[in-house]
Amino acid sequence: MHFHGYEWAGDGRLLAKESERRPIESGGFRLSELPPMMTGWWLLRPTSQLRGTWETPTDAADWLAQRYGEHTPGGDPWLPIEARRLRAVEQLARAADVVWSRWISDSRWSGHYAIACPNRTWPNIPCPTKHAARPPASD
């Protein structure tokens with residue numbers, strides 16, 4: 001198992017364009033940069049949208065913490081970044097996807113995504129980088 005990172009920041013009102021966020025024939029899903037409705041669907045997107053690949057949950061969580069910190073000046077008042085990072089390591093180690101997203105202004109949305117690959121929820125979606133990987137551990 002390994003982890004792919006994705007991110008999107010932009011006008012949050014665009015998230016209402018659900019046809020671009022679902023892998024349907026007529027919706028423009030593959031060309032859209034909007035975050036998919038389901039986390040595992042990121043793996044269906046072009047590799048140009050991929051921001052990194054990591055072998056360990058710690059490395060993926062470190063990337064999340066760095067990017068989230070850059071997009072969240074002053075930090076998150078509800079959960080300190082280190083506590084958030086440690087929880088992400090635990091989740092990723094169990095092959096669970098991790099999403100850190102929030103409104104950063106009245107209309108601006110920021111999202112950062114660490115996606116387990118192969119994906120337990122979407123096992124038929126191939127790795128976008130043809131990365132050799134072991135299947136996720138079962139519970």
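Derivation of every value follows stated rules applied to the coordinates shown; laboratory data play no part. Keep in mind it's a predicted model, so treat the numbers as computed, not measured.
What the table below lists for this structure:
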quantity: Per-residue [θ]222 nm for the chain (sum of -39500 (n - 2.57) over DSSP H runs n ≥ 4, rounded to 500); calculated: -6500 deg cm²/dmol
quantity: Dmax and Rg, reported as Rg then Dmax, of the chain (C-alpha, Å); calculated: 14.8, 42
